[in-house]
Structures are given as C-alpha cells and as structure tokens.
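Worksheet for the structure shown next.
The values are calculated or read from the model by the stated rules, or taken from the named source; none is laboratory data. If you're wondering where the values come from, they're calculated on a predicted model, not measured in any experiment. Note: ideal-geometry Cβ built from the backbone for every residue, glycine included; neighbour counts use all protein chains shown.
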Amino acid sequence: MQALEERDYFTDYEILKDPYAFFEAVRSHGPVYQPPGRDYLIVTGFAETLEVLKNSADFSAIIGVQGASAPLPFEPSGSDISEQVEAHRDRILGGDLLVNYDDDLHTKTRALLNRLFTPSRLKANERFIDEYSDEIARQMIARGGCELMRDVATPFVTLVIADLLGVPADDRQHFMNVIDAAPPPGSLNTEENDFRGENHPLTVMGGFFARYILERRANPREDILNEFAHSTYPDGSVPELEELVKMAAFLFGAGQDTSAKLLGNSIRYITDQPGLQDQLRADPSLIPQLLEEVLRLEGSTKQTARLARRDTRIGDRAVPAGTKILVALSAANRDGERWEEPNAFALNRPKIKEHLAFGRGKHVCAGAPLARVEVRIILEKFLAYTSNIDLDEAKHGPRGNRDLNYDPSFIVRGLTELHVKFTPAEGVDLSQASSQAETAQ
C-alpha cells in the first residue's frame, strides 16, 4: 500500500477534502520534505513556513495561484533565476495578479489596495455589516434553519465587499450568482481555474469594474470606487485601467470566498464544541478569540506556493534556485513545535494571533481585518437571537460522528454545505423586515 505522504496532494480527492493526516505524515520526515517522485518541497514547520513567507528576496510569489505541482514554462538555469521568472511571468497562471507580484511591482500595487482597508473605511462599512447581518440572522432563525453556505455565508460576505467597494445595488445579485456558480480557487476542475476564461468570475466581474472605473473617471462620485479610479502609485504615476480592474475583481472574488469559508468553519466549531456557544452568549467578547482559533485549526487557505529564485536555504536545508515550494499553512498552524496540543481547540490559546492563516510578510492578506469584522458581527447576531444552534443530524449525523463535505481544492479549506438548525431565544422579536436578506435569496 502506498504510504500516505507519497500520495499526490494536488490530485487526491480524499486528501484535498481532509489534508491534516497527509501533512502530519509529511511532517514525520521533518519540517521540509520532498515527496518521492515530486519536483517540489513541502514545508510543514511553523518556523520554516514563517522563514519562507518573510523572505521575499529569495522566494518569488509567482506560483502562488497555480501551485507547486504545475510545471514551469522554462528550465531554471543558474543560481539566480529572477530574470527568467520575469521573462516568463505572462506564461504562469495568475502571474499578472497582485497576489503573485514581486518586488517593486508588488509594493506599488499593494499600496493602492491598502487604501481600501484603512480603519476609517472599515468603520464606515461596519454600519452596513451590522444592519445586514441583523436582517439575515433574524430571517434565518425565524425559518428555523438554513443551508448556511448558500443562504447566509455567500450572500452576506458578497454584499459586504460590494458595499465597501461601492458596487451598485442593481448589480450585486448578478455578482452573487456568478460567484456561487463557480468552483473554489484550486478546484480539481482545472479548466474552470483559468482566470482568462470568459466565464470565470474574475473575467465577468472585470467587465463591470472597468465600467465603474471609467464612469467615475468621467463623472467623479463620493465613494471608494471613485477614489480607486483616481488613485496614483506612490511615485505619482497613474495605474493602467487593466491593473485597477484586475485588482478590484480579484479582491471581490477572493475576499468573499475566504470570509464565507471562515463563517462556515466557525459555526461548525460553535455547534460541536461542548458548552462553547453558551460561553460565547454569556461573553460575546470571546468571539474574536474563537475566530483566531478557528483560523489556526481550519484556516480558509490550506497552502500557498513559492518559487526559489536564488540559491537559498530553508532552515538547515539548501534550496537551489528554481525549486518550487508548497507552503502548508494549515500544517504550520498545527505544528507541535509551536503549539501545545496543536490539534485541540482552545479558546484562550496564548499568542493565538501569531497563526499563519492569513499568511505573513509582504503578501499577508489585505482583507484580514474585514474578514475578522464581518464574521464577528454576524456571529454576534446569531448567538444573541438563539438559545441553541445545531447541525441538522438528518444531513450531517450526530455530534461526534459528523458527515461533513469539504471542497476538493488544493487552496481552499471550506465546507461545501452546512445545514444548521436554530432555536430562537425566548422573547426575541424575529418579525422585522429583511429587505437586504430577502434580496440575497
């Protein structure tokens, strides 16, 4: 029988649905390991993962989207392949997206994005988040239950990012339909992962964002898209329209998926950890700690990838230029060298915010503050308006023996569906109108 660590992470359906045993088998060979017959390294150690993510000089992010298993469009040559990487950037899937940029190109483009996630912007967005989460929570609890991923998670986080960016109300339902119909990033369906395909969400939404930006350049308005349309790089130069469109579309698509999965994973822990939901109802200030521990145990991004562009090292291992690296974020977050009882849920875990669920270094997730805010607020609503939240045993089996299905994606860790049952809290009025929530159905 083939050893677990020798199976193919990128094509094995069972491993993609539940990667933790695979990564532990890999870890048994050390924090940096090359599986037999593979042309990439897998990094599972916390310290080593942090080392790679923070070393943007030696490790390029150019293969972050396509993954470490995909072949390079060139044969690496020499101890520094930086020029080769840039010469072939347009032949690497996602090479023209911010998430895969390096050096000055990344720095100046990321500066544009950071303007969207300032504390003042997020504070202004919180009013919409609070009102909409209140509406959708009341509606679902009044119904007695829902399929959380379809009925709540996707419409909720989609409309939150739409509000932040200023997407017109008339277009928001179309955006939700496009995203809901698409596979998650890193899906086994490689054809639908082609960002250049005319039906891919980034392409579809890109057409809308191009129109929004051009409209605001012609007729300025008081919204964030207007600021985006008239933004400049730190050196004063004006970004190309295409760059702004790609950034806005990727932010919209990737951001909503990450937050939606976080909400689903959080509800799963709330329902299955004995006494946890009562503890959170009694003290809602613990919800942020819940989110950090869920991010550590079930972060929405299982892995990313890097390409060594110079001869370098990871820990005590020499890494030649041209080496592809699978950076196993979910394994680093369960590394026993860093975390006590790494596979156990602990609400008050010390230094929990040091987890790597949002990455680290120059490519740390820009939308992390928004994800934390939006999921915290909607969880507050669900807990405040219920006396009990549980999973539907007819769909998922009893607590302790759940039947849960996860996306077969090499990138995303998220439930495909989660059927939830709500028991309303005594005296809670659930009759309020739900205009936003009704629109999202």
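General remarks:
- Candidate set from the stretch 99-108 (those that are touching a residue at least 12 places away in the same chain (Cβ under 8 Å) and more than 14 Å from Val364 (Cα to Cα)); member that is surrounded by the most Cβ atoms within 10 Å (Cβ to Cβ): Lys108
- A count restricted to the stretch 222-265 and to residues that are over 26 Å from Ile411 (Cα atoms), out of contact with any Phe, Trp or Tyr (no Cβ under 8 Å at 6 or more places or on another chain) and at pLDDT 80 or above stands at 14.
- Subset of the stretch 222-240 (residues that are of a type outside the set (Val, Ile, Thr), surrounded by fewer than 22 Cβ atoms within 10 Å (Cβ to Cβ) and either closer than 18 Å to Val99 by Cα or without any contact (Cβ under 8 Å) to a residue 24 or more places away in the chain (or both)): Glu222, His230, Tyr233, Gly236, Ser237, Pro239, Glu240
- Helices (runs of 4 or more DSSP H) enclosed by the stretch 322-441 - at least 3 residues per element that are surrounded by fewer than 19 Cβ atoms within 10 Å (Cβ to Cβ): 368-384, 393-396, 435-440
- Residue within the stretch 87-98 that is assigned to a helix (DSSP H, G or I), over 13 Å from Leu307 (Cα atoms), out of contact with any Pro (no Cβ under 9 Å at 6 or more places or on another chain) and modelled with pLDDT under 90 present: yes
- Test set (1) crowded, with 22+ Cβ neighbours inside 10 Å; (2) touching a Pro at 6+ places or on another chain (Cβ under 9 Å); (3) among the small types (Gly, Ala, Ser) - Ser79 fails condition number: (1)
- Any hit, the stretch 253-272, residues being in contact with a strand residue (DSSP E or B) (Cβ under 9 Å, 6 or more places away or on another chain), among the basic types (Lys, Arg), surrounded by fewer than 24 Cβ atoms within 10 Å (Cβ to Cβ) and not in a helix (DSSP H, G or I): no
- Residue in the stretch 99-115 that is part of a helix (DSSP H, G or I), over 30 Å from Lys324 (Cβ atoms) and either touching a Pro at 6+ places or on another chain (Cβ under 9 Å) or not charged (D, E, K, R) (or both) present: no
- Note on the stretch 116-145: residues that are under 20 Å from Ala162 (Cα atoms), assigned to a helix (DSSP H, G or I) and either out of contact with any strand residue (DSSP E or B) (no Cβ under 9 Å at 6 or more places or on another chain) or free of Cβ contacts under 8 Å to residues at least 40 places away in the same chain (or both) total 20.
- With respect to the conditions (1) over 29 Å from Gly367 (Cα atoms); (2) within 21 Å of the chain's Cα centre (by Cα), Asp96 falls short on a single one, namely (1).
- The condition of being modelled with pLDDT of 80 or more, within 30 Å of Pro424 (Cβ to Cβ) and buried (at least 19 other Cβ atoms within 10 Å of the Cβ) holds for Ala137.
- Among residues of the stretch 172-221, those that are modelled with pLDDT under 65, buried (at least 18 other Cβ atoms within 10 Å of the Cβ) and of a type in the set (S, T, N, Q), counted: 1
- Members of the stretch 253-284 found to be among the hydroxyl-bearing types (Ser, Thr, Tyr) and closer than 30 Å to Leu97 by Cβ, listed by number: Thr258, Ser259, Ser266
- Cβ-Cβ distances below 7 Å connect the following pairs, each with a first residue in the stretch 157-172 that is assigned to a loop (DSSP other than H, G, I, E, B), a second residue that is aliphatic (A, V, I, L, M), and a separation of six or more residues or different chains: Gly166/Ile224; Gly166/Leu225.
- So Thr304, is it crowded, with 23+ Cβ neighbours inside 10 Å, touching a strand residue (DSSP E or B) at 6+ places or on another chain (Cβ under 7 Å) and not small (Gly, Ala, Ser): yes
- Within the span defined as the stretch 301-313, one or more residues are of a type outside the set (A, V, I, L, M, F, W, C) and under 17 Å from Thr416 (Cα atoms).
- The stretch 40-63, residues that are surrounded by fewer than 23 Cβ atoms within 10 Å (Cβ to Cβ) and closer than 12 Å to Gly361 by Cα: Leu50, Glu51, Lys54, Asn55, Ser56, Ala57
- Only listed residue being farther than 29 Å from Asn114 by Cα, of a type in the set (A, V, I, L, M, F, W, C), within 21 Å of the chain's Cα centre (by Cα) and at pLDDT 95 or above, chosen from Phe345, Phe382: Phe345
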